[in-house]
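Structure first, then comments.
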Amino acid sequence: MKKLLLLLILSFFSAQSFAGSCPDGSEPKKTISQDGTYYEFKCDDNSSSGINTFSGRWPPEDAILNNETLRYMLYRYIYQYPKIGYRHHEVKVSTNPYNFEFDLREDEYIKQHMQETPLLSYLMYEDGKIVIDEITPKDRFGDMFTNATLYTSMSMGKSIASYITGHAICEGKIESVDSRLNDWPILEDTLYYNQKLIDLLNMAAGDSAYLNINGFISTNRSSKNDNRPSIRSIMENELKGSKKSHPQYNYVNSIPNYVLSYVLFKYGDDDFKRLLDDIFMKKVKIRDEIWINKNEEAERFEQSLKYTVYVTRYDYLRIAKAMLDDWQNDTCVGKYLKTIHDRRISKGNMRTYREDSRVGMPKSYAGFFHTGYKGMENRPVMGMDGWGGQTITIDFERGRIIATLSIHDTMQFPKPSSFNWKKIVYERIKNGKPSSISSKEDKQSTEPVIDYQQLILENKAKRETDRKAELYWADYFNKILKEQSSFGSSMIKNDEVLINPYADEALKVEATTVEATKVETSDSDPTISKVIEVTHGDKLIVDIAEPHELAGSNINVSLKDIDAPDAIKSCPKQMELGTEVRDYVAQKLENASSIKLTNFRKTNTKIISQVIVDGVDLGEELVSKGYASEEYGFWKPYFCSALSATNQADQYLYTDPATAIFWYERSIVLDPNGTKNQESHFTLSQMYFNLGDTEKSLENLKKSASLGWVPAMEQLGSDYLNGNGVKRDTNQGKKWLKKAFDKGSPIAEGIYCGSLSKEKQKTCKF
């Protein structure tokens, strides 16, 4: 009674504390406290508006995404990413799909999560039944995500790749987890050749000098993403001649691709597809299709698979249930799962996440599964974990499964863009009682099975609906992004290359005659009868002459597809150029014989248009003179903000190296003593190396190392040991690696010891 009274009091005061509205005028939302014991009222921490496209890349895991961006990311995950890379196989629906039994209970905390976080799906399976089944409501993300949505696994696919490998061992295609990879020619003359399979499964292959969670770290590749190239390309280029170093846990995204492609090599294309069908159609008994693709840059003929799969929410649970059944029934594949669990290794000091986070709490790694969860170190609990909150956690001992799908997860609940994984998954697994039945006793629902032909027709209908939905959402977001771009939102990054990226400090050019192509206008294009004011180089206030439908006075016009510098007092250099551009435009319009608008679009506040002055496109002329950019958001990072310049560089890192170099160097010029410079110099070193400029590469590497950047120290030490780009110097190599080690490097000691003789390696220590 006392506890109930306390909760009522807490609820009362939390409600009273938010009398009135939020800063944005909205009403505060009633939410459940983080510990789940009382209600509180909060305003959304979601002040930014518009869609952040992240230039087509994954958003950083710690990014706070507003609802508009979340919806856009969901669209990309559902409709765009499944098309990256050639489709290797589509596993069709089972002739006899597994029908779950349900014993559902209400869970207000989960329901609240569905209303307030990017969580899309939550399924809890225990006692042989689904007991909690929540999906994002239609007024949240449910108009896009449904039970039939094939959704990306992200890194959960690594665990599924391991499960497939277990079946290959049980079919005798691979002898055991201790089999050596010495029969796959593609691995010859690389560090992976003749290694044990278990060492790849445990991410302990001695490859830390070449790859890590961020991708390539010591190669000739301009892109860090090791998931894109084909296996053949990586082995023949990036890892040719590579040597195994001290084996330790080193999370490498591409290793599951190697393992899965090795299984494909052992089977051949047709037999491997048969294996997938046997696993998912006949054993798992999926209700919808499963898609498996090749690596993004792999050719159609190459045996190069990517671990990411596309599966519906219920079928993810069916896969997990099949794993649970294998374990509890001690099948051959169950013995494989137990073997990799027994052979698990410590993550050691490679855990870069907080101990109370999703991926920080499991302290061990077992054949592409996370395990050894804090407080459950000795229990057979294994987790699949993917970027953004795709998780499946299986308690093999107590017969419980919890599966989540999400758009994004910062792992910082209760902040926006995160759900409380610790509370809704970890604690429920840790504290859950043993199941009252084992999977041996589990019976498939007696619900009548739909005729297989009907299932095929049903699936075709789903995909046709999917196709129509894709067209609808593509049109929807294209319109929004165009509208957003028209307002010059800094959140939108134009995909086109920067204009004049290596111009001088003020981006000025000599006043030369512009060879302009005359632009034809029509009689239906409106004529500007009077220029009232040029507020900025790309913004005008004008009168438009009758009889055009846009005719009127004091009309705001913005030049289409360009961004001119604003004359702002807070940034003197931008103000100088902004004033010059504004005065230039004003003079040009004053002397013009004809000013027309073409290719225009009207909004509630302005007209967005090309402005044709005496037959010449004003926007194109400004760009050609260095007075404007075709890149929205160009001027602030160029003149005013080193941090913004660094962010610009990061956006182009994988797509346009020259532009990325321009922005990294610009950020250093703007703030020579900036804390981000140590990382920027390191990135510049890698990029110059990839471009063949070893002198600038070494210069930036040394600068980064001297500023205390640990990866630079590791790289510089390794280069000195091996004579890569510098004269071989063992003492210098040891010096820099020791510095990295003293600053907490988990690999520095291994790099140094790996350079010694086998005899010295036994006793090697810093």
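When you look at Asn253, is it within 29 Å of Ala660 (Cα to Cα), at pLDDT 90 or above and touching a strand residue (DSSP E or B) at 6+ places or on another chain (Cβ under 6 Å), yes or no?
On the way: within 29 Å of Ala660 (Cα to Cα): yes; at pLDDT 90 or above: yes; touching a strand residue (DSSP E or B) at 6+ places or on another chain (Cβ under 6 Å): no.
Criteria not met by Asn253.
If you go through region 93-121 and keep only what is within 32 Å of the chain's Cα centre (by Cα) and within 30 Å of Asp278 (Cβ to Cβ), you end up with Val93, Ser94, Leu120, Ser121. Listed by position, the strands (runs of 3 or more DSSP E) contained in region 380-481 that have at least 1 residues being more than 27 Å from the chain's Cα centre (by Cα) and either of a type in the set (Val, Ile, Thr) or modelled with pLDDT of 95 or more (or both) are 390-395, 400-406.
This table checks each residue for (1) within 21 Å of Val616 (Cα to Cα); (2) in a loop (DSSP other than H, G, I, E, B); (3) at pLDDT 90 or above.
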{"site": "Gln484", "(1), (2), (3)": "no, no, no"}
{"site": "Met491", "(1), (2), (3)": "no, yes, no"}
{"site": "Asp504", "(1), (2), (3)": "no, yes, no"}
{"site": "Thr512", "(1), (2), (3)": "yes, yes, no"}
{"site": "Ala516", "(1), (2), (3)": "yes, yes, no"}
{"site": "Val519", "(1), (2), (3)": "yes, yes, no"}
{"site": "Asp523", "(1), (2), (3)": "yes, yes, no"}
{"site": "Glu546", "(1), (2), (3)": "no, yes, no"}
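A quick yes/no check of all residues on (1) charged (D, E, K, R); (2) over 27 Å from the mean Cα position of the chain (by Cα):
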{"site": "Thr659", "(1), (2)": "no, no"}
{"site": "Ser680", "(1), (2)": "no, no"}
{"site": "Met687", "(1), (2)": "no, no"}
{"site": "Gly708", "(1), (2)": "no, yes"}
{"site": "Lys760", "(1), (2)": "yes, yes"}
{"site": "Cys764", "(1), (2)": "no, yes"}
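Restricting the first member to region 159-187 and to residues that are touching a residue at least 40 places away in the same chain (Cβ under 8 Å), and the second to residues that are part of a loop (DSSP other than H, G, I, E, B), the beta-carbon pairs closer than 6 Å and six or more apart or on different chains are Ser159/Phe368; Ser162/Gly367; Ser162/Phe368; Ala168/Ile174; Leu181/Gln195; Leu187/Leu181; Leu187/Tyr193. Residue-level analysis places Ile169 outside the set of residues that are of a type in the set (A, V, I, L, M, F, W, C) and not assigned by TED's automatic domain parsing to the domain that holds Ser304. Across region 717-756, the qualifying residues are those that are among the aliphatic types (A, V, I, L, M) and part of a loop (DSSP other than H, G, I, E, B), and the one among them that is farthest from Lys703 (Cα to Cα) is Leu756.
Does Ile198 fit the bill of being over 26 Å from the mean Cα position of the chain (by Cα), part of a helix (DSSP H, G or I), aliphatic (A, V, I, L, M) and at pLDDT 90 or above? It would help to see each step written out before you state the result.
Details: over 26 Å from the mean Cα position of the chain (by Cα): yes; part of a helix (DSSP H, G or I): yes; aliphatic (A, V, I, L, M): yes; at pLDDT 90 or above: yes.
Spelling it out, Ile198 is indeed over 26 Å from the mean Cα position of the chain (by Cα), part of a helix (DSSP H, G or I), aliphatic (A, V, I, L, M) and at pLDDT 90 or above.
Being modelled with pLDDT under 95 and within 23 Å of the chain's Cα centre (by Cα) is true of Tyr353. The single residue among Glu90, Glu106 that is of a type in the set (Asp, Glu) and in a strand (DSSP E or B) turns out to be Glu90. How many residues are at pLDDT below 80 and of a type in the set (S, T, N, Q) when one looks only at region 624-663? The total comes to 2. Take residues that are under 30 Å from Gln412 (Cβ atoms) and of a type in the set (A, V, I, L, M) and tell me which of the helices (runs of 4 or more DSSP H) falling wholly in region 259-367 contain 1 or more. The qualifying helices (runs of 4 or more DSSP H) are 313-328. Does region 118-158 hold any residues that are touching a helix residue (DSSP H, G or I) at 6+ places or on another chain (Cβ under 7 Å) and without any contact (Cβ under 8 Å) to a residue 60 or more places away in the chain, and which are they? Residues satisfying the conditions are Ile132, Glu134, Thr136, Pro137, Arg140. Among the residues making up region 602-635, a single one is surrounded by fewer than 20 Cβ atoms within 10 Å (Cβ to Cβ), touching a strand residue (DSSP E or B) at 6+ places or on another chain (Cβ under 8 Å) and of a type in the set (S, T, N, Q): Thr605. Val534 fulfils the conditions (1) assigned by TED's automatic domain parsing to the domain that holds Val623; (2) aliphatic (A, V, I, L, M); (3) under 16 Å from Val623 (Cβ atoms) except for a single criterion, (3). Take the conditions aliphatic (A, V, I, L, M), crowded, with 17+ Cβ neighbours inside 10 Å and outside the structural domain of Thr404 (by TED's automatic domain parsing) and apply them to Met73. Does it pass? Criteria met by Met73.
Evaluate the following for Asn99: is it under 23 Å from Met73 (Cβ atoms), touching an Asp or Glu at 6+ places or on another chain (Cβ under 9 Å) and of a type in the set (S, T, N, Q)? In short, no.
Scanning region 675-716 for residues being part of a loop (DSSP other than H, G, I, E, B), surrounded by 16 or more Cβ atoms within 10 Å (Cβ to Cβ) and small (Gly, Ala, Ser) gives a total of 0.
For every residue, the table says whether it meets (1) touching a helix residue (DSSP H, G or I) at 6+ places or on another chain (Cβ under 6 Å); (2) surrounded by fewer than 21 Cβ atoms within 10 Å (Cβ to Cβ); (3) β-branched (Val, Ile, Thr); (4) not assigned by TED's automatic domain parsing to the domain that holds Gly128.
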site: Ile290; (1), (2), (3), (4): yes, no, yes, no
site: Asn295; (1), (2), (3), (4): no, no, no, no
site: Phe301; (1), (2), (3), (4): no, yes, no, no
site: Ser304; (1), (2), (3), (4): yes, no, no, no
site: Thr312; (1), (2), (3), (4): no, no, yes, no
site: Leu317; (1), (2), (3), (4): no, no, no, no
site: Leu324; (1), (2), (3), (4): no, no, no, no
site: Asp330; (1), (2), (3), (4): no, yes, no, no
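Return yes when Lys765 is at pLDDT 85 or above and more than 30 Å from Phe634 (Cα to Cα) and no when it is not. Here the answer is yes, as Lys765 does meet what is asked.
The values are calculated or read from the model by the stated rules, or taken from the named source; none is laboratory data. Remember, predicted model here, so these are calculated numbers, not experimental data. Neighbour counts are summed over all protein chains in view; Cβ atoms, including those assigned to glycine, are modelled from backbone coordinates with ideal geometry.
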